[in-house]
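The values are calculated or read from the model by the stated rules, or taken from the named source; none is laboratory data. Since the structure is predicted, the reported quantities are computational estimates derived from the model, not experimental observations. Virtual Cβ from ideal backbone geometry, glycine too; neighbours counted across all protein chains shown.
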Amino acid sequence: MMLLQLEDLTVSYKTREGRVLAVENVSLPLEEKETLGLVGESGCGKSTMGGAILGILPRETKITGKALFSGIDLISMPSKRLRQIRGKEISMIFQDPMTSLNPVMKLKDHFLETINTHTDISKEEALALSERALQEVGISSNRLNDYPFQLSGGMRQRVMIALSLVLNPKLVIADEPTTSLDVIVQAQILQLLKGLQNKFKMAMILITHDLGVVAEAADNIGVMYGGHLVEYASKRKVYKDPLHPYTKDLLASVPNTKIEDRELRFIPGYPPNLMNPPRGCRYADRCSKAMKICSEKTPPNVQTDDGRLVKCWLYGEGEVK
């Protein structure tokens, strides 16, 4: 059953230099219990999409399109109603727990604030709920009286996960949840997230630039570039047979220690300036497959016979093999 449906979501920021078009006309489905991996370079619009869904972007931000959550549009929803959903039915795990957690509040106060905002249960019941949430992520309940600085980076991230799950939401948006952690702790956090997702039957949007993370955890993958969704398909299809040139280049640039003679590749050039986006395909000036039409007209969203989505002229009008 469909839990979230983005329809032509467009987000732009107001800055001193002008308006930045961070996300443009993105449409994406997310079913119940599904994990969607959103990947792409820094600045491609991944985190902005998560913030738009939750309604936590700056006031000057302009958002159009729809984000239908259980059939109800979050974008046009009154802020008071959205606050009732945010934290309870939809929660977020931020990428830097040290700056996301209040350094002068004990852990228990973080939990009580979240629980009391959305429920009318007693303090004793709220504390019991907090203890269970911490235990679910492998932290002793006696740490509730600790401050965030008394915990390691991995433990702080576990606390963020516990906070996001304490009210058993339908959807969790995990924004770079393993970025600041070493590879051993990363693997532990991913395994923990996957186990909790299966236990609580929740859906998850996993935002990351790390293709290894989505390979481990995602069911479907959306590839972002320059504010556009350039490819969407199942994890197996994206890794086995990527369609968009950017997806191919992104996968080819991942270091592989198992292949001794393989040269380390990188994508030449730079992402586009979203304050003044180029005409046509955003990837045209970095793409080895670019045609004349690529720099003249924005490519169509092409639906393939096997249900994949790709935004590229190679698969629409002007196809060249």
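When segment 233-245 is examined, which residues are found to be part of a strand (DSSP E or B) and either touching a Gly at 6+ places or on another chain (Cβ under 8 Å) or surrounded by 24 or more Cβ atoms within 10 Å (Cβ to Cβ) (or both)? Full working, then the answer.
First pass over segment 233-245, keeping only residues part of a strand (DSSP E or B): 233-234.
Hit for segment 233-245 is ALA233, nothing else.
Picking from GLU41, GLU60, which residue would you name as being in the same structural domain as GLN197 (by TED's automatic domain parsing) and either under 15 Å from the mean Cα position of the chain (by Cα) or part of a strand (DSSP E or B) (or both)?
From the options GLU41, GLU60, the qualifying one is GLU41.
Name the residue that is surrounded by the fewest Cβ atoms within 10 Å (Cβ to Cβ), counting only residues in segment 53-83 that are touching a residue at least 60 places away in the same chain (Cβ under 8 Å) and of a type in the set (A, V, I, L, M). Let's see the steps before the verdict.
Let us first name the residues in segment 53-83 that are touching a residue at least 60 places away in the same chain (Cβ under 8 Å), namely 53-54, 66-70, 75.
Cutting the leftovers down to of a type in the set (A, V, I, L, M) gives us 53-54, 67-68, 75.
On the way: ILE53: 24, LEU54: 19, ALA67: 24, LEU68: 16, ILE75: 19.
Looking at the filtered set, the residue picked out is LEU68.
With (1) farther than 24 Å from GLY40 by Cα; (2) of a type outside the set (S, T, N, Q); (3) crowded, with 20+ Cβ neighbours inside 10 Å; (4) modelled with pLDDT of 95 or more as the list, and LEU171 as the residue in question, which single condition is left unmet?
With (1) farther than 24 Å from GLY40 by Cα; (2) of a type outside the set (S, T, N, Q); (3) crowded, with 20+ Cβ neighbours inside 10 Å; (4) modelled with pLDDT of 95 or more applied to LEU171, the lone miss is (1).
Being hydroxyl-bearing (Ser, Thr, Tyr) and out of contact with any strand residue (DSSP E or B) (no Cβ under 7 Å at 6 or more places or on another chain) narrows it down to one of THR99, THR61, so name that one. So that I can check it myself, show each step before the final result.
Values: THR61 fails: out of contact with any strand residue (DSSP E or B) (no Cβ under 7 Å at 6 or more places or on another chain).
When all the criteria are applied, what remains is THR99.
Taking the residues in segment 158-187 that are assigned to a helix (DSSP H, G or I) and among the β-branched types (Val, Ile, Thr) as candidates, determine which candidate is farthest from ARG143 (Cα to Cα).
Among those residues, the one meeting the criterion is VAL183.
Sort through GLU7, GLU32, GLU17, GLU41 and tell me the only one that's under 14 Å from GLY65 (Cα atoms) and of a type in the set (D, E, K, R).
GLU7
Restricting attention to segment 135-157, which residues are farther than 12 Å from LEU101 by Cβ, part of a helix (DSSP H, G or I) and touching a residue at least 40 places away in the same chain (Cβ under 8 Å)?
Result: GLU136, single match.
Please specify each residue of segment 263-321 satisfying the condition of being surrounded by 12 or more Cβ atoms within 10 Å (Cβ to Cβ) and hydroxyl-bearing (Ser, Thr, Tyr).
Those that are surrounded by 12 or more Cβ atoms within 10 Å (Cβ to Cβ) and hydroxyl-bearing (Ser, Thr, Tyr): TYR283, SER295, THR298, THR304, TYR315.
Rundown of residues vs (1) buried (at least 20 other Cβ atoms within 10 Å of the Cβ); (2) part of a helix (DSSP H, G or I); (3) at pLDDT 95 or above; (4) charged (D, E, K, R), yes/no style:
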{"position": "ILE189", "(1), (2), (3), (4)": "yes, yes, no, no"}
{"position": "LEU193", "(1), (2), (3), (4)": "yes, yes, no, no"}
{"position": "LYS199", "(1), (2), (3), (4)": "no, yes, no, yes"}
{"position": "MET204", "(1), (2), (3), (4)": "yes, no, yes, no"}
{"position": "VAL214", "(1), (2), (3), (4)": "yes, yes, no, no"}
{"position": "VAL223", "(1), (2), (3), (4)": "yes, no, yes, no"}
{"position": "GLU231", "(1), (2), (3), (4)": "yes, no, yes, yes"}
{"position": "THR247", "(1), (2), (3), (4)": "yes, yes, yes, no"}
{"position": "LEU251", "(1), (2), (3), (4)": "no, yes, no, no"}
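Out of the residues in segment 84-110 that are polar (S, T, N, Q) and either surrounded by 20 or more Cβ atoms within 10 Å (Cβ to Cβ) or in a loop (DSSP other than H, G, I, E, B) (or both), state the one that is farthest from the chain's Cα centre (by Cα). Working first, answer last.
Filtering segment 84-110 for residues polar (S, T, N, Q) gives 84, 91, 95, 99-100, 102.
Now drop any that are not either surrounded by 20 or more Cβ atoms within 10 Å (Cβ to Cβ) or in a loop (DSSP other than H, G, I, E, B) (or both), which leaves 91, 95, 102.
Values: SER91: 12, GLN95: 10, ASN102: 23 Å.
Across segment 84-110, the extreme among qualifying residues is ASN102.
Within segment 1-38, how many residues are among the hydroxyl-bearing types (Ser, Thr, Tyr), out of contact with any Leu (no Cβ under 7 Å at 6 or more places or on another chain) and part of a strand (DSSP E or B)?
2
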